[in-house]
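Here's the structure, in structure tokens; my notes come after.
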Amino acid sequence: MHKLAELDHRYVWHPFTQMRDWSKREPIVIASGKGALLRDVQGREYLDANSSIWTNLHGHNHPKLNATIVRQLKKVAHSSALGLANEPASLLAAELVKAVRIHDSRFTIYERKDRATRQSQIANRKLEKVFFSDDGSTAMEVALKLAYEFTRRSGRSPKPRFLSLEGAYHGDTVGAVSLGHIDLFHKAHSGLLFKTDKVMSPYCYRCPFNRAKPERRDAREYVQCQRECVSLVATKFAKQRKRGNPYAAFVIEPLVQGAAGMIAQPEGYLRDVAKIVQADGAFLIADEVMTGFGRTGPLFACHREGVQPDLLALAKGMTGGYLPMAATLTTQEIFDAFLGEYDEFKTFFHGHSFTGNQLGAAAALASLELLQAAQSIQGRAKLEKALRESLKPLWSLPTVGDIRQVGLVAGVELVRDWRTREPFPLRERAGLRVCEAMARRGVLTRPVGNVIVIMPPYCTTPAQMKRMTSALHESAAETLRD
């Protein structure tokens, strides 16, 4: 065993990992990376098929990002945002606000609806203020606290309540966990949490109202859909208002629920529920920690359906996957609710030591510039098509029940029998075993339960993409034999 692996076993506690299992095998110790490739201390190379847990956008060791960070490092690495401003954070805030306004006016390759109408819808809700933090959990914590306090101060409700989707995961801080509904992750902490409500997730493959026949498993339409998932959201809001305590906010990962199993929402779902939420006067909180920065097509997932939230949480790919940094964008109206005289104590009492960190902000500025370049936009469109084509052969496997893709996010759901959609029990570690077999073939990813995630860096070539899905095909065939 390599000495670094021995040190890891002896001292490191890994996230979301059963350490007894971890200690039974030698871990892959990453030493370097370039583009879509990672290299371990033994000299073996691997394709990064999940962008290092959904964070890396442009590839590892990107020359522009490297140079930007070095240039900023020669000036200053960090200074406090408490009582001080700094150049990169100020510029980044301005660019983020600009980006959510102009968003995808040049992303015509993704447009399906009238663009002028969508631009008008988005312009009606302006996100004008940016609060920086450290990661996705803290970005959501900021959004939660802002919505909570605004709802109290505005007189809408003295005891604000929140609604989110079944299977929701919005981070690991206590407030973010309270918004989540995955018992496996959240139940152990239930005594620490405040109560929130949940509504059925639009999980088409396992929808209780779905009339699609098994032989249509590779079809992208679910026959006779009556949009019950949307109606249930409307019913929740109506009942809560009737109780005299209307919801403060509806919280959603737009287009794709990540940790729930890469659940892709049907077209129009986000747009329809946004109308319900905003007609009720509640806030729409969009968790774009995973879906933002081009991952689903346009720069922000919400804009694919002409939706502008009241609070927008960003993280993960914000710095191109280089440094931990996050942001919560919101409206002037919410910002104004915290204005007052010093002794009124209306200040937003929340912050982090590394808020507005210069290195992270500089990297994020460079990443935004890369993302909005015409070459990058075209490259992502081509890669999306390559991913779609490379996934098709997986339908031939009897253990593949569903394949879900939105932009450059794909989830392949493994089942014991595609005809009955019977899932593998988690104790059988089906997803983990397939990913271990993929690693032996030089492809790294991590499952969400029995869903294998393919989420490549944007620099991935079509040939590398085919290697990723071929490794999945071979590994599932080998591992999940009858």
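Debye-formula intensities of the chain, expressed as log10 I(q)/I(0) at q = 0.07 Å⁻¹, are -0.36 (one equal scatterer per alpha-carbon, no solvent).
Rounded to the nearest whole Å², what accessible area per residue is found for the chain with the 1.4 Å probe? Don't skip to the answer; put the middle values down first.
On the way: 22210 Å² over 482 residues.
Per-residue value: 46 Å².
Over 31 Å apart at the Cα level, from the set LYS145/LYS239; LYS145/LYS242; LYS129/LYS159; LYS195/LYS385; LYS98/LYS382, are LYS195/LYS385.
Of the listed peptides 288-299, 20-31, 229-240, what is their order by residue-averaged count of other C-beta atoms within 10 Å, with the highest listed first? Walk me through the intermediate numbers first.
Details: 288-299: 26.1, 20-31: 12.8, 229-240: 17.1.
Ranking, from highest mean packing down: 288-299, 229-240, 20-31.
With all protein chains present, how much of the accessible area of the chain (probe radius 1.4 Å) comes from carbon and sulfur, to the nearest whole percent?
On the way: 11940 of 22210 Å².
Roughly 54 percent of what the probe reaches on the chain is carbon or sulfur.
Counting Cα-Cα pairs of region 349-465 in 5 Å increments starting at 0 gives whole-percent bin shares of 2, 10, 15, 17, 15, 11, 11, 9, 7, 3, 1. Note on the chain: antiparallel DSSP beta bridges, both residues inside, total approximately 70 percent of the bridges counted. Note that region 296-305 has calculated 3J(HN,Hα) couplings of 9, x, x, 4, 10, 4, 3, 6, 5, 10 Hz, one per residue in order, obtained from phi through the Karplus relation 6.51 cos²θ - 1.76 cosθ + 1.60 (θ = phi - 60°); glycine and proline are x. Helix-only arithmetic for the chain: the sum of -39500 (n - 2.57) across DSSP H runs with n ≥ 4, divided by the residue total, places the mean residue ellipticity at 222 nm at -11000 deg cm²/dmol. Between SER133 and ALA326, ALA327, THR328, GLY356, the built amide H atoms are under 5 Å apart, and every one of these is 5 or more places off in sequence or on another chain.
For region 1-61, compute Rh as the Kirkwood radius over C-alpha pairs and then the Stokes-Einstein diffusion coefficient at 37 °C and 0.692 mPa s; write the answer in µm²/s, rounded to an integer. Each step should come with its number before you reach the end.
On the way: Rh = 12.8 Å.
Estimated via Stokes-Einstein, D reaches 257 µm²/s.
Projecting the Cα atoms of TRP54, SER353, TYR205 onto the charge dipole of the chain (Cβ charges, centred on the Cα centre) puts TYR205 farthest toward the positive pole.
The values are calculated or read from the model by the stated rules, or taken from the named source; none is laboratory data. Since this is a predicted model, take the numbers as computed values, not measurements. Please note: Cβ atoms are built from the backbone with ideal geometry, for glycine as well, and neighbour counts cover all protein chains shown. What goes into the accessible areas is simple: the full protein's heavy atoms, side chains included, and nothing from ligands, DNA or RNA. Shrake-Rupley method; radii C 1.70, N 1.55, O 1.52, S 1.80 Å.
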